[in-house]
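Read-outs: derived from the displayed coordinates by stated rules, not from any lab. Here the structure is a predicted model, which means the values were calculated and not measured. Here the Cβ positions follow ideal geometry from the backbone for every residue, glycine too, while neighbour counts run over all protein chains shown.
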Amino acid sequence: MTGLAVLTLSACGQQTPQREPLTGGDPARGQALIVHAGCGSCHTIEGVEGANSLVGPPLTGLRQRTYIGGVAANSATNLERWLMHPQAFSPRTAMPDLGLTEDQARDIAAYLYLH
Ligand code: HEC
């Protein structure tokens, strides 16, 4: 298995393209969104200050995982969908639907795949 599908999503154009390897999102914006959304209250996330909780699994090395949430094949598309609507994959998961937009999920996924 070659791993993650590289999507040809069009980026917004204003950020550095060499840092958009997997989702077309902007990892710097993703990091800010992670802080804003409070993901660190449940997850340990490399490079995000204060994100050291273990309520959910640590998100380090997410790119190497085979599954997202133990249920969906690890691809950029599935990661973005998981971030927007975890219950769509896993109805009883404790991970909340935080109301992220598609663009926000793409940026967060870009960050997570780089850490
Ligand atoms: C209230 C706690 C909570 C919050 C807030 C939360 N999560 Fe989660 N998250 C979880 C739990 C619990 C799981 C494990 C879910 C499962 O396996 O069913 C999880 C799973 C995940 C996974 C899959 C991890 C894996 O190993 O497969 C990702 C990715 C993820 N969360 C990202 C995020 C991001 C990004 C945010 C912020 C936008 C966030 N989470 C906010 C609790 C939370």
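Details
- Put simply, when 95-102, 23-30 are sorted by average Cβ atoms within 10 angstrom per residue, most first, you get 23-30, 95-102.
- Evaluated over the Cα positions of region 22-113, the convex hull gives a direction-averaged projected area, one quarter of its surface, of 5.0 nm².
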